[in-house]
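Everything below concerns the one structure shown next.
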Amino acid sequence: MQKFYLVWDESRHALGIPSIDREHRGMMNLVNELSEAVAHGCSYAQAHRQMEKILDFAADHFAHEEAMMRQHGFPGLEQHAAEHEKLLREAAILMEMYDPAHADRAVLVTAFLTDCAESHILHEDRAISQYLEERGIREE
Ligand SMILES: [Fe+2]
Ligand SMILES: [Fe+2]
């Protein structure tokens, strides 16, 4: 079975905002734990629990980013927040399709999560750190 895995690469993933970087690393770890568990044939309940944990973590993380963008008047806030909402909505749809009768769909969820997490960090989230950096704003 194909395993989807995220490897933190400081030069590509680090945004230079320590609290956000920490959360992104945490997110990657949670997604990797899910991939690992699914690859080892974990139960439906275990995978489902881990997916819920990931979505909870993502919702908190998104709220953190949005608060930071708001605080600093980031002009792309609305678009970025809409993207967060879309990710959560799509993940929720996938979670609904993942039921005990279709436990093999777990791999689809992990593929979606790994792909979204990385691409969102590299594109949308990087725009926040660029904006802060251009204004000489340091966030912890
Ligand atoms: Fe993020
Ligand atoms: Fe984001």
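Here are some notes:
- Order of 57, 62 - criterion: other Cβ atoms within 10 Å of each residue's Cβ, fewest first: 57, 62
- 0 to 90° range, to nearest 10: angle between helix 106-120 axis and the chain longest Cα axis: 10
- Short to long, the 5 Å bins of the Cα pair-distance histogram for the chain hold 2, 10, 20, 22, 18, 12, 8, 5, 2, 1, 0 percent of all pairs.
- CD proxy at 222 nm, helix term only [per DSSP H run n ≥ 4: -39500 (n - 2.57); per residue of the chain; nearest 500]: -23500 deg cm²/dmol
- The simple spin-label model puts a point 7 Å past each Cα toward its Cβ; for residue 93 and residue 126 those points are separated by 2.7 nm.
- Dividing the mean sequence gap of close Cα pairs (under 8 Å, 6+ apart) by how many residues the chain holds gives a relative contact order of 38 percent.
- Segment 90-140 - Debye-derived log10 I(q)/I(0), Cα point model, q = 0.28 Å⁻¹: -0.99
- Using alpha-carbon coordinates, inclination of helix 44-71 to the longest axis of the chain, degrees: 10
Since every read-out is calculated from the coordinates, none of them should be taken as a lab result. Small disclaimer: the values here were computed from a predicted structure and weren't measured. Positions of Cβ are backbone-derived with ideal geometry, glycine not excepted, and every protein chain shown enters the neighbour counts.
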